[in-house]
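Take a look at the structure below.
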Amino acid sequence: MPERSGSAIEVENASKVLDGVRVLDRVSFTAEPGRVTAFLGPNGAGKSTTLRAILGIDHLDSGRAVIGGRPFREHPQPLQVAGALLSPDAAHPARSTRGHLRILAASNGLSRTAVDRALELVGLRDLADLPAGQMSLGMKQRLGLATALIGDPAVVILDEPHNGLDTAAIRWLRGVLRSLADAGRTVLVSSHLMAEVELIADDVVVIDEGRIIAADTLERFLGISGSLEDRYLGELSSR
Ligand SMILES: Nc1ncnc2c1ncn2[C@@H]1O[C@H](COP(=O)(O)OP(=O)(O)OP(=O)(O)O)[C@@H](O)[C@H]1O
């Protein structure tokens with residue numbers, strides 16, 4: 001049976017050098033099942049690189065990144081272990097939403113029902129025949145979310161999923177993330193929208209220049225006063 005819940009993401013001493021620059025420097029944190037963990041940091045801090053390393057797309061020079069105790073690529077049914085939205089342009093521009101999801105489903109042993117369920121979930125059922133190349137950014141993000149969720153995974157990893165979403169979709173995503181976590185899933189989401197993160201996160205991890213500078217519950221990170229934006233910017237400027 002796939003591991004639907006109880007699969008933590010663990011990153012331990014992850015380091016990586018790109019073009020002579022240390023983009024990850026002994027990065028360590030855990031994202032726990034049943035919680036939404038927000039991954040925060042300025043542009044170029046190393047968020048995407050870390051998420052790609054967790055998914056086995058980027059290689060680490062040292063350290064490790066595992067899901068449920070082992071590297072993502074070593075899981076026999078990867079789409080049911082972790083679903084990810086890393087880029088809004090994951091689908092071929094000439095391929096329809098339905099076509100993209102069907103190929104994904106077929107190559108991962110998932111049924112067409114899973115495709116219909118994913119389309120319904122992200123509100124793309126009426127646009128299922130539209131080529132990805134003709135989609136707005138928000139529609140592409142919805143398709144990316146459908147791709148992430150199609151395998152009903154234990155772990156959901158979303159890199160800036162709010163980009164391009166309209167107000168109603170941001171509210172909808174808030175509910176989706178909460179219900180995934182409440183059902184025991186591990187949700188790791190990067191975002192620059194501090195007001196939104198304040199509404200959705202249980203835990204926060206802050207990275208700056210490749211180093212983790214804070215990792216705590218949202219409540220403890222916020223402390224006794226102030227907004228997440230104030231607290232986050234204060235943390236960055238105090239370095
Ligand atoms: N292919 C690459 N070659 C060289 N450097 C790279 C490459 N990809 C990323 N980097 C560098 O790695 C660092 C981390 O980039 P990363 O995309 O992980 O940041 P990020 O925190 O996701 O930023 P953003 O919030 O802007 O998306 C940056 O300094 C970036 O320039």
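Listing for the model above:
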{"quantity": "Those residues of the stretch 66-85 which are in contact with a Gly (Cβ under 8 Å, 6 or more places away or on another chain) and within 16 Å of the ligand (Cβ to nearest atom), in sequence order", "calculated": "Leu85"}
{"quantity": "Considering residues of the stretch 57-78 that are within 16 Å of Ala148 (Cα to Cα) and surrounded by fewer than 18 Cβ atoms within 10 Å (Cβ to Cβ) only, the residue modelled with the highest pLDDT", "calculated": "Ile57"}
{"quantity": "Yes/no for Thr97 being within 27 Å of Gly234 (Cα to Cα) and either within 15 Å of the ligand (Cβ to nearest atom) or modelled with pLDDT under 95 (or both)", "calculated": "no"}
{"quantity": "Of all residues in the stretch 153-186 being among the charged types (D, E, K, R) and closer than 19 Å to Leu86 by Cβ, the one that is farthest from the chain's Cα centre (by Cα)", "calculated": "Arg185"}
{"quantity": "Some residue of the stretch 25-41 being over 21 Å from Phe221 (Cα atoms) and without any contact (Cβ under 8 Å) to a residue 24 or more places away in the chain", "calculated": "no"}
{"quantity": "Flag for Thr167 being touching a strand residue (DSSP E or B) at 6+ places or on another chain (Cβ under 6 Å) and away from the ligand (no atom under 16 Å from the Cβ)", "calculated": "no"}
{"quantity": "Test: residue in the stretch 165-183 that is within 20 Å of Ser28 (Cα to Cα), of a type in the set (A, V, I, L, M) and modelled with pLDDT of 95 or more", "calculated": "no"}
{"quantity": "Selection from the stretch 13-49 of residues that are among the hydrophobic types (A, V, I, L, M, F, W, C) and under 13 Å from the mean Cα position of the chain (by Cα)", "calculated": "Ala31, Val36, Ala38, Phe39, Leu40"}
{"quantity": "Of all residues making up the stretch 76-87, the number that are in contact (Cβ under 8 Å) with a residue 60 or more places away in the chain and not in a helix (DSSP H, G or I)", "calculated": "7"}
{"quantity": "The stretch 15-43, residues that are within 12 Å of the ligand (Cβ to nearest atom), among the small types (Gly, Ala, Ser) and modelled with pLDDT of 95 or more", "calculated": "Gly41"}
{"quantity": "Matching option when the condition is in contact (Cβ under 8 Å) with a residue 40 or more places away in the chain, out of contact with any Pro (no Cβ under 9 Å at 6 or more places or on another chain), of a type outside the set (D, E, K, R) and in a strand (DSSP E or B), among Ala90, Ala105, Ala45, Ala14", "calculated": "Ala14"}
{"quantity": "The stretch 197-222, residues that are aliphatic (A, V, I, L, M), modelled with pLDDT of 95 or more, surrounded by 17 or more Cβ atoms within 10 Å (Cβ to Cβ) and away from the ligand (no atom under 16 Å from the Cβ)", "calculated": "Ile200, Ala201, Leu218"}
{"quantity": "Output for the stretch 18-54, where each listed residue is aliphatic (A, V, I, L, M) and surrounded by fewer than 21 Cβ atoms within 10 Å (Cβ to Cβ)", "calculated": "Leu18, Val21, Val23"}
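The values are calculated or read from the model by the stated rules, or taken from the named source; none is laboratory data. None of these values were measured; they are calculated from a predicted model. Every residue, glycine as well, gets a Cβ built from its backbone with ideal geometry; the counts of neighbours run over all protein chains shown.
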